[in-house]
Every structure is written in C-alpha cells, then in structure tokens.
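What follows is one structure encoded as structure tokens, with my remarks underneath.
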Amino acid sequence: MFPTSTVAQLIQTTLHLDVRAYDRQAQLVVAVNNPAVTPPHRPAFPDLRTLTKCTRFTDVWQLSYFLIPQSAIVWVVGPFTTTALTSQLIASVLSRNQATISDRHQFAQFYNTLPILSQHEVQTTGTLLVNLLAHPLRIPAWQTLTTPQTAPAPAALPFKRPTTTAHHYQIEANLMATIRTGDTDKITDYFAPMTAMLDFFQNRLANRPLRSCQDMCLVSNTIDRIAARQGGVHPGDLDSLSEKFALLIERQRSIVGLKRLIVAMLTEYTQLVHDRSTAGYSPLIQRAVAAIWQHLGDSFKVASLAQWLQTSPSYLSRRFKQETTQTLTEFITAQRLASAKTYLLNTTTPITAIALLVGFSDPTTFTKRFKQVTHQTPSEYRRHPRS
C-alpha cells in the first residue's frame, strides 16, 4: 500500500485542490498544498474524530471542503468556492467575521486565488474522490505507443470569423460606453450578449473550448478596465479588481463558471465607476478623493491629507469645495455613512464594530451623524431601511 503522502500528492496534482489527512484524534498527518494560497486563518472543521459520512462542509468564511472519512484517516480536500466572490461579498464575509482592517488585504488576496467549482463539478469531484479513496492505490507501469506518421499533417486552417464579428465589436463599443458612464441599470442589457460571446468563441482553439473562453474573458477584463479608467476611476482601485478577475478566470474550470464571471465583471466595473469616478476633477482633487477612499477606515485629518498632497489645508479645502460642492468633512462623512449602510444591510456585524470599521472614533458620534443624514438610527435602518 502506498503511503498517505503519495495519495495526497496524487489528488493535489490531479484536482489542483489542497489536500490534508488527519488521524482519528484530529491530528494532522500530511498536508499537500500551495503555500502561496494558504488560508490566513486556521480552518475550523466539524469534529473529525466522530465523522462517519462523506461531507461537503462550508465554513463561516464561505470556504468549502470535501471531508471523506476512512477507518483511520479523515481526508480534507479544499478549500474552494461555488460562486465568484465579488468585492461586496468578500467585504460582507470579512465584516461578518469581524476581520481587522489590517487583515482584510491578506484575506481579499486569498479569496481571489480560490478555485471555483460549479455544482456539477462539486458532484463529480466528490464522487471521484470517494471512489479513489475507497480502494488501495495502484500505479500502473505504462507502455508508450506511437502511430507512424506516413505524411505530414495538414496545416490547421486559420479561425474563420463568422459575419457576426462586426456586430460583436459594436456590442463591445456600446458596452465600454456604458461602463465609462457608470450606468448600473443599462449594463444589465449586456449580460446576455456578452455571455453568448463565449459560445461564439469557444471553438477558436481546436479541442480547447475552456482555454478559448478563458482568453475571451481575459480580453473582456482588459476592455472593462480600460472603460472604467476612462470613466475616471483611480488606477489603484482598478489594479486590485483587474488582478482579482484575472486570477478567477485562470482558476475557473467550466464555461458556465466563466459566464458567471463575465456578469460579475460587468457589474463590478460599472458599479466602481458609478461610485468612484473622479472624471472632471483636477489632478489634485482626484488624488485627494483616492486617498480618502483608500483610508476611509483610518482616522485622519484635513491637515495630514494636505501634507501628503504637498499643499496647504486652506487651499485644499477651498479647491475641494469648488469642484465637488462639498467640504472635505462632508465628503468624508458621506462616504463613511455610505459604507456603514452596506454593512448594516448585508451583515450582522454589531453597530459598535461598524462605527470603528468605517472610521468613526466612537459609536455615539457615528449614531448621531447617521441619524442626522438618514433620520433613522443605525438599528432602525437595519430593520426598516428608507430609500
């Protein structure tokens, strides 16, 4: 019988999922994983000492695992996800688990590396694992046979684009205009035609439909990024979003999953322009707005912001008011309250924690400012939000 480490290595190499084996005292026996994507927290599994049934387990961080018990060993394969985790979903999970601000970047990077399995892939992968582990490992001695080549293989014909290609380019042009203006209503009109493009392009590489669709998604990611930049989004925000989707595309293993990613990309890039466009602002105010968004949860003053921008507080305040029609304090407070509303509606995070997460020094000040703007306390807004 082959050692446990050999079996674990075989599973990891084949499925590209991390593999652990625990004994019946829940002590780790072997682990084969990618150290570059190690979870930033310690997984909390059910009691492995009493586990008797094959289980698909999803923890509070929305990470899924296959748990497969044997007489002396419990195999744990994962983590993976079953949906593309958008930035809003990631923020919701991190907030719900009260992750500290300093940990959030590390968590977000980790989520962006996770493989995404469709429901069908979950079923087939689980079935494969159970049957593989039910029998002793047998590695055959392979022989190699090569078919004699009597004549040179004919050169592959270049891909011939159908006559609808021009129509596809027109869709892309209109799509970029929609992202560029941050039109979150109109962008939904492009979900169907953009996902249909994957069907159109999947035969571009012979016998490699998934790779063809991944290439198409990478192109779409670039197009969406360019449109959002033209719409006035700071490059720093675009870098993280573009990198996230590039990683998700490469780790996706089904065309259905890629179609979900296309929709997520369109939604997030357009929403980013809608929320964070600085088009029309001077370079100074664009930098000021970007700094505020990037450090919204931190405690900072106008004087420190002006010093970082190498200008005087009075000049910065005057220019900011002229260009945005808001004072710096009004703008910062509005952004913090908008972020707080997201937490209140999408998480169960305590209100005192939300106050600190969005940059208020104490919950009392947060509640007072929130009620001044919404005419509701945070608790009332969470129960019955007004538009």
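The values are calculated or read from the model by the stated rules, or taken from the named source; none is laboratory data. All values derive from a computational prediction rather than experimental measurement. Cβ atoms come from the backbone with ideal geometry, glycine included; neighbour counts cover every protein chain shown.
Couple of notes before you dig in:
- Looking across segment 306-323, the residues that are surrounded by 13 or more Cβ atoms within 10 Å (Cβ to Cβ) and either of a type in the set (Gly, Ala, Ser) or in contact with a Cys (Cβ under 9 Å, 6 or more places away or on another chain) (or both) come down to Ala306, Ser317.
- Options Arg336, Arg369; residue that is basic (Lys, Arg), surrounded by 15 or more Cβ atoms within 10 Å (Cβ to Cβ) and over 19 Å from Gln98 (Cβ atoms): Arg369
- Among the residues of segment 278-291, those identified as hydroxyl-bearing (Ser, Thr, Tyr) and at pLDDT 85 or above are Tyr281, Ser282.
- Any hit, segment 200-211, residues being within 21 Å of the chain's Cα centre (by Cα) and under 30 Å from Thr342 (Cα atoms): no
- Scope segment 300-332; condition polar (S, T, N, Q) and touching a residue at least 40 places away in the same chain (Cβ under 8 Å); matching residues: Thr324
- In segment 319-387, counting only helices (runs of 4 or more DSSP H) that sit wholly within it, the ones holding 2 or more residues that are at pLDDT below 90, under 18 Å from Ser299 (Cβ atoms) and touching a Phe, Trp or Tyr at 6+ places or on another chain (Cβ under 8 Å) span 328-346, 351-357.
- Test: residue in segment 158-169 that is in a helix (DSSP H, G or I) and modelled with pLDDT of 75 or more: yes
- Check on Leu258, on the phi < 0 side of the Ramachandran plot, modelled with pLDDT of 85 or more and in contact with a Phe, Trp or Tyr (Cβ under 8 Å, 6 or more places away or on another chain): no
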